[in-house]
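Contents: one structure, followed by commentary.
Nothing in this text is a laboratory measurement; each read-out follows from the coordinates by a stated rule. This is a predicted model, so every value here is computed, not measured. In this analysis, Cβ positions are derived from the backbone assuming ideal geometry, glycine residues included, and neighbour counts consider all displayed protein chains.
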Amino acid sequence: MPDATLLEAFPAPSDTPFVIEHISEEFTSVCPKTGHPDFGDVLLRYQPKAAKDGGVCVELKSLKLYYQSFRNEGIFYEAVTNQIRDDLVRLMDPVWLQIVTIWKGRGGIKSNIRADHGDVPAHFRGR
């Protein structure tokens, strides 16, 4: 299973609201039906709570190692996306969070999966 214990956080640096966006272009997991590798990008957007409210941000090296823990995992696209959302929400308890996974085409079909937490601003929805 993916290893959420790899995730680390650091204190949010501001009381002023801000949005963080991280893009991973080298995500890999395994199709549980075929055993073939799946390749995709992971877009993480979130607004941490204010520093005064105990807000935290995910540390990038730990996020990379966490994403790599999916490498040999037989897991569907939808489960990947929801697992990442749930693990990051548990770690950070952000104001809102959005995960979008953009999967490379296989069999002529490309897939984008989105999982939200909280009240994601309208201009981030539907993308």
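At-a-glance table
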read-out: Hits in segment 49-62 - residues which are in a loop (DSSP other than H, G, I, E, B) and of a type in the set (A, V, I, L, M); value: ALA50
read-out: Qualifying residues in segment 38-57 (those that are farther than 17 Å from PHE27 by Cα and of a type in the set (A, V, I, L, M, F, W, C)) - the one surrounded by the most Cβ atoms within 10 Å (Cβ to Cβ); value: CYS57
read-out: Pairs with Cβ under 7 Å, 6+ apart, first in segment 4-32 and over 30 Å from GLY107 (Cβ atoms), second of a type in the set (Phe, Trp, Tyr) and surrounded by 14 or more Cβ atoms within 10 Å (Cβ to Cβ); value: ALA4/TYR66; LEU6/TYR66; LEU7/TYR66; ILE20/TYR46
read-out: Single residue of segment 1-60 satisfying the filter (acidic (Asp, Glu) and under 19 Å from VAL89 (Cβ atoms)) that is nearest to the chain's Cα centre (by Cα); value: GLU21
read-out: Conditions (1) more than 26 Å from ALA122 (Cα to Cα); (2) in a loop (DSSP other than H, G, I, E, B); number of the one not met by LEU65; value: (2)
read-out: Qualifying residue in segment 85-106 (condition: over 23 Å from PHE124 (Cα atoms), surrounded by 13 or more Cβ atoms within 10 Å (Cβ to Cβ) and touching a residue at least 60 places away in the same chain (Cβ under 8 Å)); value: yes
read-out: Of all residues making up segment 23-35, the number that are surrounded by 11 or more Cβ atoms within 10 Å (Cβ to Cβ) and either touching a Phe, Trp or Tyr at 6+ places or on another chain (Cβ under 9 Å) or farther than 24 Å from PRO121 by Cβ (or both); value: 9
read-out: Residue under evaluation ALA79, criteria (1) closer than 19 Å to ARG106 by Cα; (2) touching a strand residue (DSSP E or B) at 6+ places or on another chain (Cβ under 7 Å), criterion not met; value: (2)
